[in-house]
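Visitor: Structure provided below as structure tokens; questions to follow.
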Amino acid sequence: LVKCANESAGKKMGTSGSKIGNAHLKWAFSEAAVLFLRGNKKAQDYLDKQTKKFGKGKALSILAHKLGRAVYFMMKRNDVFDMNYFFRSQ
């Protein structure tokens, strides 16, 4: 879920008050992120790195968002999950 930006002529005027995104999908991918961490050393290391930067709650949300994007592109490209590609930035 992201907040809507209220901008005009390059000037930011805050947010428009509501959020963009599906709360049910955010919940589902948050649950998937927790299950993804079980017994997955690479994922746990990634979460530890993000936790140092952003805190535990935000780090889990970042991982859930990353999983959501991975699932989207897997479905779009009709491809299978590749752990090395998922953590390629490390």
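Visitor: Using only DSSP helix segments of four residues or longer, with each worth -39500 (n - 2.57), what per-residue ellipticity at 222 nm results for the chain after dividing by its residue count and rounding to 500?
Guide: It comes out at -19500 deg cm²/dmol, rounded to the nearest 500.
Visitor: Okay, next question. Working from Cα positions, state the angle (0 to 90°, nearest 10) between the long axis of helix 41-54 and the longest principal axis of the chain.
Guide: Compared with the principal axis, the helix lies near 30 degrees.
Visitor: Separate question: Taking DSSP loops as anything outside H, G, I, E and B, show the longest stretch in the chain free of chymotrypsin sites (Phe, Trp or Tyr not before Pro) there with at most 16 other beta carbons within 10 Å.
Guide: 1-80
Visitor: Which angle between 0 and 90 degrees, to the nearest 10, do you get for helix 56-77 versus the longest principal axis of the chain when only C-alpha atoms count?
Guide: 80
Visitor: May I ask you to give the solvent-accessible area per residue for the chain, in square angstrom, as obtained with a 1.4 angstrom probe?
Guide: 78
Visitor: Show me, for region 24-33, the HN-Hα J-couplings you get by feeding each phi into the Karplus relation (A = 6.51, B = -1.76, C = 1.60, θ = phi - 60°), rounded to Hz, glycine and proline as x.
Guide: For region 24-33, the Karplus-derived couplings read 5, 5, 4, 4, 5, 6, 5, 5, 5, 5 Hz, x marking Gly and Pro.
Visitor: Quote to one decimal, in nm, the extra length available between TRP27 and LYS11 on full extension: 0.36 nm per residue of separation minus the C-alpha distance between them.
Guide: Residue separation times 0.36 nm, minus the Cα-Cα distance, leaves 2.5 nm.
Visitor: If you roll a 1.4 Å probe over the chain with all protein chains in place, what percent of the accessible area is carbon or sulfur?
Guide: 56
Visitor: Here's another thing I want to ask about it. If you look at just the Cα atoms of the chain, how large are its Rg and its Dmax in Å?
Guide: For the chain, the Cα radius of gyration and maximum Cα-Cα distance read 15.6, 50 Å.
The values are calculated or read from the model by the stated rules, or taken from the named source; none is laboratory data. Model, not experiment: these values are computed from the prediction. Ideal geometry is used to build each Cβ from the backbone, glycine not excepted, and the neighbour counts take in all protein chains shown. The accessibility values were calculated without ligands, DNA or RNA, using every heavy atom of the protein model including side chains. Shrake-Rupley method; radii C 1.70, N 1.55, O 1.52, S 1.80 Å.
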